[in-house]
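The values are calculated or read from the model by the stated rules, or taken from the named source; none is laboratory data. Values in this document were obtained by computation on a predicted structure and should not be read as measured data. Reconstructed Cβ throughout: ideal geometry from the backbone, glycine too, with neighbour counts over all protein chains shown.
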Ligand code: GLU
């Protein structure tokens, strides 16, 4: 029986614990450790705007630039009531390791506003976004810090960011990625996080001799990443037996029809009422007897108390930091393989990189090229992580962090740290 602690690690503590584990394994010296564990810049701003009824709302907004040794800071902006400085620091650190692991020329950053956007109208959301960019704009820039979509933000929000920044500092499509395609966005960017995760899954299937057509999966979260990962897994022949959103989890042992679930979600804005599926508790999704568990919602959804229930053989992390450090120790003891977020959720930022390259060159790529280049990058990183973990008998996450930290440490060193 595991003793459950009341205070459990959040995203930041988990990111630091994973960093330390890899740094110990690498024998990283203390000075470099301290440097890489200290965010470069933390910005906290007051985001105030008037609602349609003329009342004033005052919110907290954050942008953290964690490490920029390898290039401009890069990472999404999320709108969620739970956003705080600690969480944004953790997510910014993960971006630094993610961009390094897949070897694209960016550092790591993250931003957010603590707000529930579902309670706002479109025009209120636009005013909020423009005010946030007015406040943090001076630390952004196509060669300084480049935001992108994250939880509850989308191409429309990115378009407002591009417009607000450009009206202040001059036309700058490369200041933000994940824009609508007609405004300099990249083909394939919307699907990229899900597609990248499934490319990683395919690579691991080859390395581990899995047969996708014989496998079952459950996907937690049915937002942008969750819908696409479910779709691409089912296209590969994996039977997705359960999907969930905040309204509940929906189970069908014969496999959920993912296209129908996506249409249902689009029409009703939630999965509730999905035809042919049995509604089960959200927690029950984690205990299903399946091959592949795909957390694609928020951070820390697999905590210590849930780790004991997991029956899947493999976890493919599509959300950022879905497994707490305490939960991971239990899953590790139980022999459950975790394909870590900094690898399996790197597809989004990788296509963001392609978008930025296209903006800078003012040259558009076709979607086939985007997907082919994405696949190359995801395959290479998957093979590197798998090989290091085999060679040194390490968890995949520790191997991934080692690869990532090594590149950033070398960049810091060469720049004169
Ligand atoms: N928000 C995404 C992530 O967490 C994408 C970031 C980006 O494209 O810069 O990886």
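Things to note:
- Test for residue 381: is it in contact with a strand residue (DSSP E or B) (Cβ under 6 Å, 6 or more places away or on another chain) and within 29 Å of residue 13 (Cβ to Cβ): no
- Condition broken by residue 217, with the remaining ones in (1) surrounded by fewer than 24 Cβ atoms within 10 Å (Cβ to Cβ); (2) modelled with pLDDT of 95 or more; (3) under 22 Å from the mean Cα position of the chain (by Cα) satisfied: (1)
So that you can scan it fast, the table gives a plain yes or no per residue for (1) surrounded by fewer than 23 Cβ atoms within 10 Å (Cβ to Cβ); (2) within 15 Å of the chain's Cα centre (by Cα); (3) more than 14 Å from the ligand (Cβ to nearest atom):
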{"site": "38", "(1), (2), (3)": "yes, no, yes"}
{"site": "66", "(1), (2), (3)": "no, no, no"}
{"site": "102", "(1), (2), (3)": "no, yes, no"}
{"site": "112", "(1), (2), (3)": "no, yes, no"}
{"site": "127", "(1), (2), (3)": "yes, no, yes"}
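- Residue-level check: of (1) buried (at least 22 other Cβ atoms within 10 Å of the Cβ); (2) assigned to a loop (DSSP other than H, G, I, E, B), residue 285 misses just (2).
- Scanning segment 70-87 for residues being free of Cβ contacts under 8 Å to residues at least 40 places away in the same chain and within 14 Å of the ligand (Cβ to nearest atom) gives a total of 2.
- Looking only at segment 141-164, residues that are within 13 Å of the ligand (Cβ to nearest atom) and not in a loop (DSSP other than H, G, I, E, B) come to 7 in all.
- Residue in segment 388-401 that is within 16 Å of the ligand (Cβ to nearest atom) and surrounded by fewer than 19 Cβ atoms within 10 Å (Cβ to Cβ) present: no
- The set of residues in segment 344-357 being more than 18 Å from residue 230 (Cα to Cα) and either within 12 Å of the ligand (Cβ to nearest atom) or in contact with a helix residue (DSSP H, G or I) (Cβ under 7 Å, 6 or more places away or on another chain) (or both) consists of 349, 350, 351, 352, 353, 354, 355, 356.
- As for segment 314-325, it holds at least one residue that is part of a helix (DSSP H, G or I), more than 21 Å from residue 240 (Cα to Cα) and within 21 Å of the chain's Cα centre (by Cα).
- Qualifying residue in segment 237-248 (condition: touching a strand residue (DSSP E or B) at 6+ places or on another chain (Cβ under 6 Å), closer than 25 Å to residue 78 by Cβ and surrounded by fewer than 23 Cβ atoms within 10 Å (Cβ to Cβ)): yes
- Residue 138 more than 15 Å from the ligand (Cβ to nearest atom), assigned to a helix (DSSP H, G or I) and out of contact with any helix residue (DSSP H, G or I) (no Cβ under 7 Å at 6 or more places or on another chain): yes
- Qualifying residue in segment 288-296 (condition: free of Cβ contacts under 8 Å to residues at least 60 places away in the same chain, in contact with a strand residue (DSSP E or B) (Cβ under 7 Å, 6 or more places away or on another chain) and closer than 24 Å to residue 346 by Cα): no
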